1. Give me the three principal axis extents of region 1-45 from the C-alpha atoms, as integers in angstrom, largest value leading.
2. Enumerate the lysines that K14 could reach by cross-link, defined here as Cα to Cα under 22 Å, with residues fewer than 8 away along the same chain left out.
3. Over the chain, how many percent of alpha carbon pairs lie in each 5 Å bin up to the one with the longest distance?
4. Under 5 Å between amide H atoms, partner at least 5 residues away or on a different chain: which partners does I23 have, H built in plane at 1.01 Å?
5. Under a 10 Å cutoff between Cα atoms, tell me which one of E97, E124, E89 has the largest fluctuation in the Gaussian network model of the chain.
6. Measure off 7 Å from each Cα along the Cα-to-Cβ vector at K69 and Q92, then give the distance between these two points in nanometres to one decimal.
7. Give the distance, in whole Å, between the Cα centre of region 4-79 and the Cα centre of region 98-140.
8. Any idea which of F102, P62, F43 is furthest toward the positive side of the dipole for region 36-108, if Lys and Arg beta-carbons carry +1 and Asp and Glu beta-carbons -1?
Amino acid sequence: MLNCNQVADYFLSKQDTEAGDTISNLKLQKLVYYAQGYHLAVFDKPLFNEPIQAWMHGPVVPDLYQRFKTYGAGAIPPITDIDLTKFNEETQSFLDEVYSIFNQYSGWTLRNMTHEELPWKEHEADAGVISTETMKTFFKTRLNS
């Protein structure tokens with residue numbers, strides 16, 4: 001199993017800054033959230049074990065937030081030294097698909113999308129941990145929509 005930092009690094013390695021493709025901490029949080037949610041729905045198991053919490057601006061992996069908070073709302077530099085041997089072909093294909101679907105949106109658009117979804121809405125008042133079970137149930141309903 002991967003950890004949240006490996007998933008984040010994978011997404012950060014995909015960005016093409018020369019084409020204007022940048023990822024902020026806000027956007028990264030949502031990409032990782034959607035990867036976890038759809039992984040739970042498709043494979044019935046988590047992609048990583050770190051908890052996701054419902055924060056004011058949507059789902060957040062606190063460990064990732066702490067790692068990248070120094071960038072504020074700015075772009076996080078691409079990761080260029082990623083060890084792809086940690087990702088099997090199925091996982092790479094899955095992450096590439098999540099990236100191709102959700103990277104087209106801005107961080108704020110992704111934030112707003114998560115605010116309309118049940119996993120965040122259930123905990124928006126208490127900033128609690130969003131359970132993997134809640135995410136799996138919700139994202140299974142999204143697979144065919």
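Values in this text are rule-based calculations from the coordinates and carry no lab data. As the structure is a computational prediction, the values presented were derived from the model and not from experiment. We place every Cβ from the backbone using ideal geometry, glycine too, and count neighbours over all the protein chains shown.
1. Taking the Cα atoms of region 1-45, the three principal extents are 37, 16, 15 Å.
2. Within reach: K27, K30, K69, K86.
3. With 5 Å bins starting at 0, P(r) equals 2, 10, 21, 25, 23, 13, 6, 1, 0.
4. Residues meeting the amide H criterion: I76.
5. Among E97, E124, E89, the largest GNM mean-square fluctuation belongs to E89.
6. 3.5
7. Centre-to-centre distance over Cα atoms comes out at 12 Å.
8. Going by the charge dipole, the pick is P62.
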